[in-house]
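Here, each number is a calculation from the coordinates, and none is a lab measurement. All values reported here derive from a predicted model rather than from experimental measurement. Cβ coordinates were reconstructed from backbone atoms using ideal geometry, including for glycine residues, and neighbour counts include every protein chain displayed.
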Amino acid sequence: MTGLWPHQYEAADLAFRGRNVIISTGTASGKSLAYLTPAITACLDGGTILYLTPTKALAADQLRTLRELRITKVRAATFDGDTPFEERKWVRQHANYVLTNPDMLHRGILPRHAQWSSFFRRLRMIVVDECHGYRGVFGSHVAQILRRLRRVCARYGSDPTFLLASATASEPGAFAKRLTGLEMHEVTVDASPKGSTTIALWEPPLTDLRGEGGAPIRRTATAEAADLLADLVLADIRTLAFVRSRRGAETVALSARAKLADVAFSLIAPTEHGSLATGSSTTTNQHNAAPWEPKDPDHSPTPGSPSEPDHVPTPGPPSEPDHHSQVPGPLSAPDHRTPAPGPPDHHAPSRAASLTTPGEPVDEGGADEGDLPEGGSLGWSIPDASDWASLPDRIAAYRAGYLAEDRRLLEKALRAGTIMGLATTNALELGVDVSGLDAVLIAGWPGTRASLWQQAGRAGRDGRDALAVLIARDDPLDTYLVHHPDALFGRPVEAIVLDPDNPYVLGPHLCAAAAEIPLAEDDLPVFGDTTPAVLDDLVAQGLLRKRPAGWFWTRRERATDLADIRGGGGAPIQVVESSTGRLLGSVDEPSAHTAVHTGAVYLHQGETFLVEVLDLEAGVALVSSASPDYTTFARDITDISILGTQRSHALGPGTLHFGEVEVTRQVVSYLKRRLQSGEMLGDEPLDLPPRTLRTRAVWWTLPASAVAPLAEAGIDLGGAAHAAEHASIGLLPLFATCDRWDIGGVSTELHADTGLLTVFVYDGHEGGAGFAERGYARAADWLTATREAITSCECDRGCPSCIQSPKCGNGNEPLDKRGAIRLLDILLAQQESDTDP
Ligand SMILES: [Zn+2]
Ligand SMILES: [Zn+2]
């Protein structure tokens with residue numbers, strides 16, 4: 001066991017002794033050694049190992065690691081959708097270290113457990129890697145798949161040890177117990193980044209632009225990222241900028257290149273008149289240091305240089321939109337920090353086209369990148385370091401789908417320093433091996449601390465100081481974080497949440513379990529307390545048959561088809577490109593109303609499409625590739641009724657509740673916001689049917705006696721509750737791993753079911769996903785952070801950084817910022833005196 005760090009030893013030792021353990025540590029802390037050591041030992045001892053990871057890419061990576069160890073007795077193999085049919089039999093019969101994912105376990109391995117009998121009989125350890133990915137509804141599905149797995153193992157007489165590995169999180173042991181249903185030991189170590197990385201928290205300034213209700217609009221995180229990227233590259237600092245969408249990454253790169261082009265002209269132009277020094281000094285003021293002395297002062301710009309991305313033919317698929325030429329935008333974006341005027345036209349008129357500054361995209365909420373590779377092209381060439389005119393070519397964009405050879409080229413250019421700045425989506429996490437960076441820019445909170453540290457961890461080479469900058473987006477959570485560094489550097493408060501008891505998740509897995517091995521009375525505790533009630537329901541629906549020996553699946557179809565483990569339930573809507581018939585993906589029916597309604601701007605793997613029409617009856621959304629100069633946000637009207645209260649406790653003079661609710665939502669219109677500025681462009685009506693959602697919610701009420709003084713003081717109680725609701729939705733992702741788009745809220749001065757001022761926050765998934773429950777458990781901290789986020793924002797009457805919500809069904813009316821603070825004060829001030837004896 002030499003060579004292991006204490007946390008690795010501790011986890012490995014627990015696993016050796018057959019104890020279930022979760023190791024929750026920072027990135028690059030060597031988690032894999034902690035499980036490889038006991039796993040390989042078990043393998044050499046005649047046992048088998050099942051390794052689970054959320055993605056195929058990680059399984060392939062693990063397989064490489066295992067093969068590099070060259071231990072002949074370890075016969076490792078992946079078993080996933082890509083495994084050729086003829087290899088599958090070999091894996092089942094001979095492999096003793098099988099790497100797979102929950103999807104394959106659910107559909108391929110568990111239903112055919114008899115074919116895996118010799119593997120299951122000897123199964124000694126189950127490694128669940130990167131298990132922080134198993135959150136929300138997906139996590140709840142995985143939790144039930146693991147319970148099915150445990151039952152199948154028991155059938156073959158094995159009782160494998162679980163070894164889980166996750167990024168840092170609050171209460172990892174409790175999470176692991178929920179995920180596996182087993183008692184878990186937890187091993188944690190400090191996750192803060194090593195070495196001397198300076199983390200800067202950057203809040204973009206408010207602009208003169210006005211949004212909804214006349215609220216000031218902040219400069220976008222991507223516009224700030226572009227400026228910082230250009231500045232850092234000019235200062236000779238190798239920088240990587242993480243941007244949420246592919247389009248965002250490309251516009252950041254283009255914007256930064258345009259800024260470098262300005263600088264290049266201001267340096268070169270005087271040379272043409274024989275005065276280089278003057279040109280240099282103008283940049284020195286703005287960028288601290290002139291990075292290079294040009295080796296060849298006579299070198300003049302090459303008009304239409306072939307290295308310009310605009311001129312490089314894109315050999316990608318024909319459907320690939322041309323981001324470079326279609327991105328609209330002003331000739332030069334307004335810039336508050338580096339007011340470098342563009343060069344006069346007469347210097348090089350033929351380059352005017354390449355100077356066009358792309359639009360500054362609004363930070364698209366909820367737009368996540370997929371990791372599926374597809375064809376693509378780099379669209380740049382390696383510049384000559386001595387060439388001033390090629391200064392802009394020192395910045396490039398990278399996204400998923402580049403060909404392997406292009407990636408190698410990019411890695412080489414980064415190592416050589418010919419590329420100094422790279423704007424990317426999180427695709428880089430999987431694609432390119434980038435080392436030797438000085439700085440990382442992160443445009444917008446990446447969602448979890450784990451992702452933040454993973455991205456920040458890219459900076460730093462050879463023990464040199466590194467810089468990571470988190471640039472806040474126009475969002476209450478980002479506002480809170482840049483004002484409260486303790487939330488990033490202190491103990492994690494964000495827990496990985498899931499709800500395995502969700503009946504909409506549990507039901508299909510009980511059917512799958514019954515199809516695997518008929519369910520007996522003794523099996524029920526494995527699946528949780530709600531199992532008997534859900535089984536009764538399944539029998540009533542005719543899905544299962546109850547016989548004296550237990551519950552049986554007797555239908556012809558596959559039971560596993562009932563569970564859509566990565567979807568959100570409901571018949572999916574196919575998203576189809578109208579010109580080519582290409583299927584881009586599917587969106588579950590509830591999400592379709594907000595994500596692919598007619599007229600919506602739809603992002604798919606970072607590409608932008610416009611929805612021509614959503615046909616709910618046909619289950620299709622037809623889209624076309626486009627680059628509109630706006631983004632869209634669906635607006636809905638929502639009603640909520642309480643079905644039952646599970647838990648309650650006093651909160652100040654009010655009461656906090658957790659329970660079941662029915663939410664009726666109707667998407668009624670969508671809002672257009674201009675890309676460059678976030679400015680409102682209008683509200684377009686939509687005709688969509690209402691949907692009902694049975695889910696779980698947390699809600700608080702305040703009695704009339706507590707709020708009457710506020711009303712007397714002229715506070716609009718409805719606006720105050722509404723503002724508090726918006727901000728609290730924005731802040732819940734600090735405590736539960738979810739996105740603000742996973743949850744919804746309703747607030748009212750007087751709710752029919754409570755008869756009181758009430759603010760609800762509910763899980764946006766059928767049956768619940770654990771987010772509201774976590775809010776209930778951490779209510780005092782959550783509402784304190786909500787209050788802090790509102791007070792931290794310097795706006796006067798409310799803005800998107802504090803109390804406005806981009807998906808508000810009421811057009812952000814009414815909102816009362818001061819009233820929200822007063823309401824939260826009443827709830828929380830009393831709270832403190834309650835706990836103070
Ligand atoms: Zn504000
Ligand atoms: Zn609202």
Taking the Cα of Arg566, stepping 7 Å toward and past its beta carbon, and measuring to each backbone N in the stretch 134-155: which are under 17 Å?
134-143, 145
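Counting other beta carbons within 10 Å of each residue's own, what order do Lys817, Lys73, Lys56 fall into, fewest first?
Ranked by crowding around the Cβ, least crowded first: Lys73, Lys56, Lys817.
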Among His141, His657, which comes first, second and so on when ranked by fewest other beta-carbon atoms within 10 Å?
His657, His141
When the Cα centres of the stretch 516-556 and the stretch 126-198 are compared, how far apart do they sit, in Å?
26
Provide the net charge surrounding Leu643, with neighbours chosen by a C-beta distance below 12 Å and charges set as Lys +1, Arg +1, Asp -1, Glu -1.
-1
Using the basic label-point model (7 angstrom from Cα toward the beta carbon), what is the Glu405 to Lys177 distance in nanometres?
5.6
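May I ask you to order 727-736, 149-158 by the average number of other C-beta atoms within 10 Å around their residues, highest value first?
On the way: 727-736: 26.4, 149-158: 17.8.
By packing density, highest mean first, the sequence is 727-736, 149-158.
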Between Phe16 and Ala540, the FRET efficiency computed from the C-beta separation at R0 = 45 Å comes out, to the nearest 0.05, as 0.45
If Lys and Arg each add +1 and Asp and Glu each add -1, what is the summed charge of the other residues whose beta carbon sits under 12 Å from the beta carbon of Ser586?
-2
Step through the residues of the stretch 497-505 one at a time and calculate ³J(HN,Hα) from phi using the Karplus curve (6.51 cos²θ - 1.76 cosθ + 1.60, θ = phi - 60°), rounding each to whole Hz and writing x for Gly and Pro.
10, 7, 9, x, 7, 3, x, 6, 8
Would you kindly state how much longer the chain becomes between Phe489 and Ala114 on full extension, computed as 0.36 nm times their sequence separation minus their alpha carbon distance, in nm to one decimal?
130.1 nm
Simple spin-label estimate for Asp522/Ala708, 7 Å along Cα→Cβ, in nm, reads 6.4
Search the structure for amide H atoms under 5 Å from the amide H of Ala241, placed 1.01 Å from N in the peptide plane, and list their residues when 5 or more places away or on another chain.
Leu422, Ala423, Thr424, Leu441
Least to most buried among Cys802, Cys795, by other C-beta atoms within 10 Å and fewest first, runs Cys795, Cys802
Give, in nm to one decimal, the length gained when the segment between Arg647 and Arg155 is fully stretched (0.36 nm per residue of separation minus the Cα-Cα distance).
173.4 nm
Placing +1 on each Lys and Arg Cβ and -1 on each Asp and Glu Cβ in the stretch 685-837, then taking the dipole about the Cα centre, the residue among Phe735, Gly768, Ala713 whose Cα reaches farthest towards the positive end is Gly768
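Output the pairs from Lys259/Lys817; Lys56/Lys672; Lys56/Lys177; Lys672/Lys817 with a Cα-Cα distance over 27 Å in this structure; if there are none, say none. List each step's numbers first, then the result.
Working: Lys259/Lys817 38 Å; Lys56/Lys672 37 Å; Lys56/Lys177 25 Å; Lys672/Lys817 24 Å.
With Cα atoms farther than 27 Å apart: Lys259/Lys817; Lys56/Lys672.
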Kirkwood hydrodynamic radius of the stretch 1-105 from all distinct Cα pairs, in Å?
14.5
